[in-house]
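Colleague: Can you keep this structure in mind? I'll have questions shortly.
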Amino acid sequence: MTSTRDRQRAAARARLEREMAERAGKARKRRQTQAIAGAAAVLVLVVAGTVWLATSLGGDDDDKEQAGTAAGFAQCTYNEVPKEGRPAQIKDVGLPPGQQANKGSQTMTIDTNLGPITARLDRSAVPCTAGSFTHLASKGFFDNTKCHRLVTEGIKVLQCGDPSATGKGWRDTDGTGGPSYNLAEENLPTNKRPPYPEGVIAMANSGQPGSTGSQFFIVYGDSPLDPNYTVLGTVTGGMDVVKQVAAAGDDGAFAKQAGGGHPKKEIVMTKVSLSDIQG
């Protein structure tokens with residue numbers, strides 16, 4: 001039989017076990033509460049920090065952009081073509097400055113073997129594209145290159161600006177060259193009919209947004225092209241030179257692709273220059 005002393009010991013041991021279990025339970029709850037509170041605090045800090053970052057850092061970016069871009073200038077992005085795998089037709093003359101004037105105008109002069117062509121560029125409409133052209137021209141990028149494509153049916157354009165279109169004769173790669181960067185399109189004539197009237201100079205691209213480079217086309221007859229190409233400027237002199245080339249026709253080399261062909265009457269840009277900004 002169990003003695004009285006044994007029963008007392010068993011009862012004491014049971015009480016101790018219950019007390020220990022209760023203490024352990026309270027401690028566990030306390031730790032859980034602290035953990036939840038801590039997690040909540042962290043979450044609050046993260047949320048608060050996110051709000052602070054979004055407002056404070058976002059504001060700093062805005063302030064920096066506003067402070068970093070002087071009045072009368074636009075911030076432009078020139079996206080460099082990856083060096084690895086660049087075709088030989090890419091001519092690297094560096095990147096234009098990121099800040100470009102967005103006021104005033106420039107005169108572009110295209111000296112050719114057939115006579116000069118001049119155009120007016122409005123910096124308020126195309127600060128980044130005009131800045132790119134000014135940079136390329138200053139580096140001799142266009143010098144002694146040929147206008148490689150003429151379209152005499154439909155869109156009526158003379159296309160130039162491939163730095164690899166040089167020397168005698170024509171190559172299959174003509175029309176594939178450009179600078180070591182691309183930029184976004186500007187000044188799209190979405191509300192004009194026709195979008196590209198006679199006398200407009202516009203930038204060629206690959207059909208993808210942000211693929212403007214150095215190639216451009218001079219429109220010598222109202223063109224029904226879709227308004228996807230930056231209007232760079234307007235011809236102010238020398239349209240007779242362009243029409244002289246157009247009158248001689250093209251060789252149909254691009255007829256099955258983009259249309260047109262190489263001009264039968266060769267036109268070479270001996271030099272392209274842009275004046276200082278006026279106004």
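Colleague: Restricting attention to segment 245-279, and to residues there that are touching a helix residue (DSSP H, G or I) at 6+ places or on another chain (Cβ under 9 Å) and in a loop (DSSP other than H, G, I, E, B), which single residue is most open to solvent (accessible area, probe 1.4 Å)?
Modeller: So in segment 245-279, the residues touching a helix residue (DSSP H, G or I) at 6+ places or on another chain (Cβ under 9 Å) come out as 263-267, 271-274, 277.
Subsequent filtering for residues that are in a loop (DSSP other than H, G, I, E, B) retains 264-267, 277.
On the way: Lys264: 140, Lys265: 69, Glu266: 81, Ile267: 2, Ile277: 69 Å².
Across segment 245-279, the extreme among qualifying residues is Lys264.
Colleague: Scan segment 166-175 for residues that are out of contact with any Asp or Glu (no Cβ under 7 Å at 6 or more places or on another chain) and either of a type in the set (Val, Ile, Thr) or under 22 Å from Thr112 (Cα atoms) (or both) and jot them down.
Modeller: Matches in segment 166-175: Thr166, Gly167, Lys168, Gly169, Trp170, Arg171, Thr173.
Colleague: Right, something else. Considering only residues that are open to solvent by 20 Å² or more (accessible area, probe 1.4 Å), in a loop (DSSP other than H, G, I, E, B) and in contact with a helix residue (DSSP H, G or I) (Cβ under 8 Å, 6 or more places away or on another chain), which ones fall in segment 71-93?
Modeller: Thr77, Tyr78, Val93
Colleague: Could you tell me how many of the residues in segment 123-150 are assigned to a strand (DSSP E or B) and open to solvent by less than 10 Å² (accessible area, probe 1.4 Å)?
Modeller: Count: 3.
Colleague: Applying the selection to segment 232-244, what residues are touching a Lys or Arg at 6+ places or on another chain (Cβ under 9 Å) and buried (at least 24 other Cβ atoms within 10 Å of the Cβ)?
Modeller: Gly233
Colleague: Continuing with this model, one more query. Which residues, counting only those in segment 107-122, are in contact with a strand residue (DSSP E or B) (Cβ under 7 Å, 6 or more places away or on another chain) and either surrounded by 23 or more Cβ atoms within 10 Å (Cβ to Cβ) or aliphatic (A, V, I, L, M) (or both)?
Modeller: Met108, Ile110, Ile117, Ala119, Leu121
The values are calculated or read from the model by the stated rules, or taken from the named source; none is laboratory data. For clarity, every value in this text was computed on a predicted model and none was experimentally measured. Counting neighbours? That spans all protein chains shown, and the Cβs are built from the backbone with ideal geometry, glycine included. The area values use the complete protein model at the heavy-atom level, side chains included, leaving out ligands, DNA and RNA. Shrake-Rupley method; radii C 1.70, N 1.55, O 1.52, S 1.80 Å.
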